[in-house]
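Below you'll find the structure, written out as structure tokens, and then a few comments.
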Amino acid sequence: MRMVYIKKDPSEVERISTRVNPGFLGCGRMQFKITSLPMAVASYILDSIGFTGIVDSALEWDPKQCIVTPGDAIKAMVLTMVMGGYRPALENVWSKFKGQPLQLYFDSVTDCRQFDPDMLARMLTRLHESDDVALFMTVATALRTRYGLKTKACHSDTTSVSVEGAYDRYDPEGRALIRNSDGNLVFDENTIEITRGYSKDKRPDLLQYMIGEAVDENGVPILSKPLDGNTADSKWNAECLELLKDVLKEENIAYVADSKVVNDPLVSTMVSENIRFLSRCPSNFHHSLLSRSLMDFDLDDLKPIENLSARKNAAKRRIVEGSTVFEGTVLRTVLVETSTLAGKGEKAVAKQKALTESRIAAFDNVFNCEKDARDKTEKFLKSLSKGICDIGYRLNHEVVESRPRGRPRADGADIRRADRWTVEFDCTLNETKAEELRRREGYIMLISNIPSREDDPEHGMDAKELVTLYGKEWRVEASFHTKKRPILVERLFMKDPGRAQALVTVVNLACLLRAIIQVLLRKGLESIPDEDLPHCGRGMGVLQRNVTTDFFVDSCTNCYIQYDPSTNGYMLFGDDEDIRAKAFLNLLGIPPDRLFATGRGEINTP
């Protein structure tokens, strides 16, 4: 069932902000509080889209009863996951803000002790009771729009996250119960089921939940959703396409996923809905379409393309384009020969031939009855019919004589005669089937309905672009790698499945924010010549173009900001750290004197 996001009227959640635009001080001595640059940058990006207002509008809450707004509570939890170090348990969130100038970050928080674990847990319950998927998509869309991040494709996949602990709140029917905002245990069909399933972490002994995600070409998540622990990839693809259908069609975004998306129902839906897709064609799709299409390619037409990576050991590729027909619709196909699969096809042929010969050698080929010999041999050959060998046989008949124990009779009357049939096989390699196997194991066939450049000059792609696009599928795996690090999701510290699901949503929001920071840093470096790259890398060396959020957070740990409450002014300080801080702020497009401005105005984006 598709969830609908109903945005509240701003008047329903309007509060008077306690924040005042501070002034930027270039120098001077102050009675100050200290905060860190990574935390300030993370808060700046969230404030640039009105994050707290988005959250306040999405959750049900009573402004008269809540001292801390939901937006500030969720923002606090997100900030603790971006500031580096580790993600604290709820009871330790307050300690991350001890001594911090809270008036620079929050509208409704004046004391860090207001972030008590019971309040945060109740906010997680409210988050779970809302449409958390729609909330994430709203924040993601706002960030992509605010910073001008456009994409041609989104890459979708799932991963499993193994967890330990007991989720012991179940009703008599075995369904997981959650605690609602009234404190009652109830069943909610939208709550994920933490259970056993296929473990991509190679930990089948542990319970798990799944995360389904779609990221753009920059690695920025567009959609991220917690899933049941036994969710199949094909089910996620159907749900993801339904949630992103309007976005994909309106922005002409291609849906890129693994071969699980290529099945008759989903491909029919994408073709009829005019949703562009790209994937690897599996062997079981549409009456063995892969096997039939592979043999249509002329391998002499394969043409090399430049490497997709600058690494010395990057895979070398050759491609040739073709087409196939699915339910009356012409789909594009691209056969890819890659050096990473070199020799794999020939090895597969040799292995299957050796397996067939070993099974023939193990067959008991002696029979005393002709009918038994034919029936069992025919049954045996049927089990080998899908192999790559053509196998024939013939029955050899002979009469076998034998005598009982003891002295033989001279007249031969004690001689026993019996019929014996022996099966003799002829095994030859079927070159057509062998070549089909070579191509199936040694090549990759992509399938897509994305138009060519000739048919659509603006949004079309040639064969090389399709291969390059599919080669970026690793970006979603990089996002999963961030989510599954111990500092984020190793421990959930919650027995309530609903609150655990809400906490995963908060983790997803934090990873979204980290991805935005990384993209802004890299975009800021794009237009800078090599000789002008800032010296804020390791050991104050040249900053690498593939800078990550982790490096930014780690290297700016000692980049502090002084804030003087008496004058409402702030400044950067610390020699090398001051140089490093200003360099990173310049790359991010954040003016130092606007870092804590509540009214953002125009933001300088790289």
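The values are calculated or read from the model by the stated rules, or taken from the named source; none is laboratory data. Just so it is clear, the structure is predicted and the values come from calculations on it, not from any experiment. As a convention, Cβ positions derive from the backbone with ideal geometry for all residues, glycine included, and neighbour counts pool all protein chains shown. Accessible surface areas use protein heavy atoms only, side chains included; no ligands, DNA or RNA. Shrake-Rupley method; radii C 1.70, N 1.55, O 1.52, S 1.80 Å.
Averaged over residues, the count of other Cβ atoms within 10 Å places the peptides 240-248, 295-303 in the sequence 240-248, 295-303, highest first.
Among the listed pairs Lys96/Lys225; Lys312/Lys472; Lys98/Lys200; Lys235/Lys316; Lys225/Lys316; Lys225/Lys312, give every one whose C-alpha distance is greater than 30 Å. Beyond 30 Å between Cα atoms: Lys98/Lys200; Lys235/Lys316; Lys225/Lys316; Lys225/Lys312.
When a/c is below 1.5 the answer is rounded, else prolate if a/b is larger than b/c, else oblate, so apply that to the stretch 74-115 with a ≥ b ≥ c taken from the square roots of the Cα gyration tensor eigenvalues.
In terms of gyration-tensor shape, prolate.
Structural descriptor for the stretch 263-418: relative contact order 11 percent, calculated from alpha carbon pairs under 8 angstrom and at least 6 residues apart.
Take the Cβ-Cβ distance between Asn396 and Met295 as r, set R0 to 22 Å, and report the resulting FRET efficiency rounded to the nearest 0.05. Given R0 = 22 Å and the Cβ-Cβ separation, E is 0.05. The accessible area of Arg499, taken with all protein chains in place and a 1.4 Å probe, comes to roughly 60 Å².
If you wrap the tightest convex hull around every Cα atom of the stretch 363-483 and split its volume per residue, you get 223 Å³.
Report the extension gain between Ser527 and Lys376 in nm, rounded to one decimal, defined as 0.36 nm multiplied by the number of residues separating them, less their alpha carbon distance.
Values: separation 151, 0.36 × 151 = 54.36 nm, distance 7.35 nm.
Going from the current span to full extension adds 47.0 nm.
Heavy-atom accessible surface of Cys427, to the nearest 10 Å², is about 50 Å², with a 1.4 Å probe and all protein chains retained. For the stretch 330-416, the share of accessible area belonging to carbon and sulfur comes to 50 percent (1.4 Å probe, ligands and nucleic acids excluded). Extending 7 Å from Cα along the Cβ direction at Asn252 and again at Asn430 yields two label points whose distance is 4.6 nm.
Inter-label distance, Arg318 to Thr145: 4.9 nm, where each label sits 7 Å from its Cα along the C-beta direction. Taking 15 Å as the straight-line reach from the Cα of Lys303, the aspartates and glutamates in range (excluding those fewer than 8 positions away in the same chain) are Glu321, Glu337, Asp462, Glu465.
For Thr557, Thr548, Thr145, Thr191, the ranking by accessible surface with the largest value first comes to Thr145, Thr557, Thr548, Thr191, using a 1.4 Å probe. Ignoring lysines fewer than eight residues from Lys347 along the same chain, the ones with Cα atoms less than 19 angstrom from its Cα are Lys386, Lys433. Between Arg409 and Ser385, take the C-beta separation as r, use R0 = 56 Å, and let me know the FRET efficiency to the nearest 0.05. According to the calculation, E is roughly 0.65.
Highest mean packing first, where packing is the average number of other Cβ atoms within 10 Å per residue, the peptides 367-378, 129-140 line up as 129-140, 367-378.
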